[in-house]
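The structure appears right after this line, and notes come after that.
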Amino acid sequence: MAQGSRDHIGVGTANPDDDSPNMIVYKKIEDVVSRLQDEKAGGVPIRTVKSFLSKIPSVVAGSDIVQWLMKNLSIEETVEAVHLGSLIAAHGYFFPISDHVLTLKDDGTFYRFQSPYFWPSNCWEPENTDYAIYLCKRTMQNKARLELADYEAENLARLQRAFARKWEFIFMQAEAQVKIDRKKDKVERKILDSQERAFWDVHRPVPGCVNTTEMDIRKCRRERNPQRVKKSVYGVTEDNQSQSSAQPPSQPCRTSTKEEVKKEISFLNTQLDRHCMKMSKVADSLLGYTEQFLEYDPFMTPLEPSNPWVSDDTTFWDLETSRDPNQHRVKKWSFSLEEALKDPAGREQFLKFLESEFSSENLRFWLAVQDLKRRPQQDVSARAQDIWQEFLAEGAPSSINLDSHSYERTSHNIKDPGRYSFEDAQEHIFQLMKSDSYSRFLRSSTYQDLLLARKKGKSLTGKRLTGLMQSS
């Protein structure tokens, strides 16, 4: 796609620094993506598929991408190919057409490749004014598939308040872009709309999704210093094992040499540099977090029915521990999976949803590991063995799906079980739920019914409060 077809978007680009480490990685990814799209040179088949009463142009199946990565990049395990593909998707090089979760699935899910104009190597730094123009334009297009999601509508209202003085200029720009888009072919316009939406999914992601623009791509690649001897609370790591196996048993552990200390200091300095962020991004992130949790902060927003620390009325605590959550609590579950699991009612509803999808073993395993960390020391070993037999052993009744690395680490740790023997496996399962099941839970009728409950009548909070007042 020519760059000129995107000039009306109004987002500027900077000159890329070809020598930066991130840019080198981006160029390598883009070489892979270019080969993926080149059908003449053995790339994946890009086709138009028929759907109910319509056609879906220029799509490719997720399973085709996974098979291509395994074949052309000499990847032996499907899990590794899916992980690599998800990293590429997270940075916006291809995207699913059905939802906003930028991950790769090894199934028939349809994906579309992003225009090279939007690739990260162009050093995109979109501003809030650009996002406001995009959202404003979406409201003008009046199509069911282009309606604003709840979080987008909230962002639009916030931006309209922030740019009140120049909102007329933003509206005029959005109106001009809509007029240009209407002159294009229907199929081309559909593809361009999806590519622009995917661009903003990367730079203004759905709440709860990872913002890859604030991450270092090198961290995603899990680069490590091979000279580093790493210790872990789970036991001896592979680096320690390889060094100890090469050392005779009778020889005592030698002290670090001057060169090794210098390498360690150099590695630690690199680690410090990797996590530096622009002050503007930190400020935007802090402001976004503050706005999101404003109504849940008792110092900023009065609690209902009253603040128990001020009034000595414990009704608020009773409502917070109730199994009948109000809309205020249910809304908080959409902030992140962590917030949903903190709430007992949220855990219960999420577990019911997973049971309906026949994947409840993931959450039950996660909860079992959490419980293991709080057990008395004398019960830890026996409980760890029970968890292993129930979820990870061969022929386990509630078997969970782990990648080979996590399974090998857990198998090694269970030989001398402790509170953190399942840390790798628990983290893998949590990320699996966060990237897959959790997003479907937020879109499910179960969650939406709870979120909209009692809007036309008496709220659950009111009912619960009335009952407590009557009982007292």
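The values are calculated or read from the model by the stated rules, or taken from the named source; none is laboratory data. Given the structure is predicted, the values throughout are model-derived calculations rather than measurements. Glycine also receives a Cβ, built like all others from the backbone with ideal geometry; neighbour counts cover every protein chain displayed. All accessible areas refer to the heavy atoms of the entire protein, side chains included, with ligands and DNA or RNA removed. Shrake-Rupley method; radii C 1.70, N 1.55, O 1.52, S 1.80 Å.
Numerical summary
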item: Qualifying residue in segment 13-21 (condition: open to solvent by 20 Å² or more (accessible area, probe 1.4 Å), of a type in the set (A, V, I, L, M) and at pLDDT below 90); result: yes
item: Wholly enclosed helices (runs of 4 or more DSSP H) of segment 377-451 bearing at least 2 residues within 18 Å of residue 366 (Cβ to Cβ); result: 377-387, 404-413, 423-432, 438-443
item: Residue check, residue 181 assigned to a helix (DSSP H, G or I), open to solvent by less than 30 Å² (accessible area, probe 1.4 Å) and modelled with pLDDT of 85 or more; result: no
item: Some residue of segment 299-311 being in a loop (DSSP other than H, G, I, E, B) and either touching a strand residue (DSSP E or B) at 6+ places or on another chain (Cβ under 7 Å) or touching a residue at least 60 places away in the same chain (Cβ under 8 Å) (or both); result: yes
item: All positions within segment 112-148 that are at pLDDT below 80 and either closer than 25 Å to residue 55 by Cα or of a type in the set (Lys, Arg) (or both); result: 141, 142, 143, 144, 145, 146, 147
item: Residue list for segment 341-355, filter: within 24 Å of residue 389 (Cα to Cα), open to solvent by 60 Å² or more (accessible area, probe 1.4 Å) and either free of Cβ contacts under 8 Å to residues at least 40 places away in the same chain or β-branched (Val, Ile, Thr) (or both); result: 347, 355
item: Residues within segment 65-75 that are at negative phi and open to solvent by 50 Å² or more (accessible area, probe 1.4 Å), tallied; result: 4
item: Among residues of segment 349-361, those that are in a helix (DSSP H, G or I) and closer than 21 Å to residue 406 by Cβ, counted; result: 3
item: In segment 362-376, residue most open to solvent (accessible area, probe 1.4 Å) [restricted to those that are in a helix (DSSP H, G or I) and either in contact with a Pro (Cβ under 6 Å, 6 or more places away or on another chain) or of a type in the set (D, E, K, R) (or both)]; result: 364
item: Search result, residues across segment 31-48 that are closer than 20 Å to residue 105 by Cα and either in a loop (DSSP other than H, G, I, E, B) or open to solvent by less than 20 Å² (accessible area, probe 1.4 Å) (or both); result: 33, 36, 43, 44, 45, 46
item: Residue 189 being over 24 Å from the mean Cα position of the chain (by Cα) and open to solvent by 60 Å² or more (accessible area, probe 1.4 Å); result: no
item: First in segment 156-171 and open to solvent by less than 90 Å² (accessible area, probe 1.4 Å), second anywhere and among the hydroxyl-bearing types (Ser, Thr, Tyr), Cβ under 8 Å, 6 or more apart; result: 156/139; 159/131; 163/129; 170/129
item: Selection from segment 319-337 of residues that are within 18 Å of the chain's Cα centre (by Cα) and among the hydroxyl-bearing types (Ser, Thr, Tyr); result: 334, 336
item: Residue satisfying condition, being open to solvent by less than 40 Å² (accessible area, probe 1.4 Å), at pLDDT below 85 and within 30 Å of residue 137 (Cβ to Cβ), within set 100, 91, 8; result: 8
item: Residue in segment 122-138 that is part of a helix (DSSP H, G or I) and open to solvent by 70 Å² or more (accessible area, probe 1.4 Å) present; result: no
item: Segment 404-450 - residue that is of a type in the set (Asp, Glu) and buried (at least 18 other Cβ atoms within 10 Å of the Cβ) and, of those, nearest to residue 78 (Cα to Cα); result: 424
item: For residue 106: the one exception among (1) open to solvent by 30 Å² or more (accessible area, probe 1.4 Å); (2) at pLDDT below 85; result: (2)
item: Residue within segment 278-296 that is assigned to a loop (DSSP other than H, G, I, E, B) and modelled with pLDDT under 80 present; result: yes
item: Among residues of segment 312-327, those that are part of a loop (DSSP other than H, G, I, E, B) and free of Cβ contacts under 8 Å to residues at least 60 places away in the same chain, counted; result: 5
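Residues checked against (1) of a type in the set (Lys, Arg); (2) more than 30 Å from residue 406 (Cα to Cα); (3) modelled with pLDDT of 85 or more; (4) assigned to a loop (DSSP other than H, G, I, E, B):
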residue	(1), (2), (3), (4)
169	no, yes, yes, no
222	yes, no, no, yes
225	no, no, no, yes
260	no, no, no, no
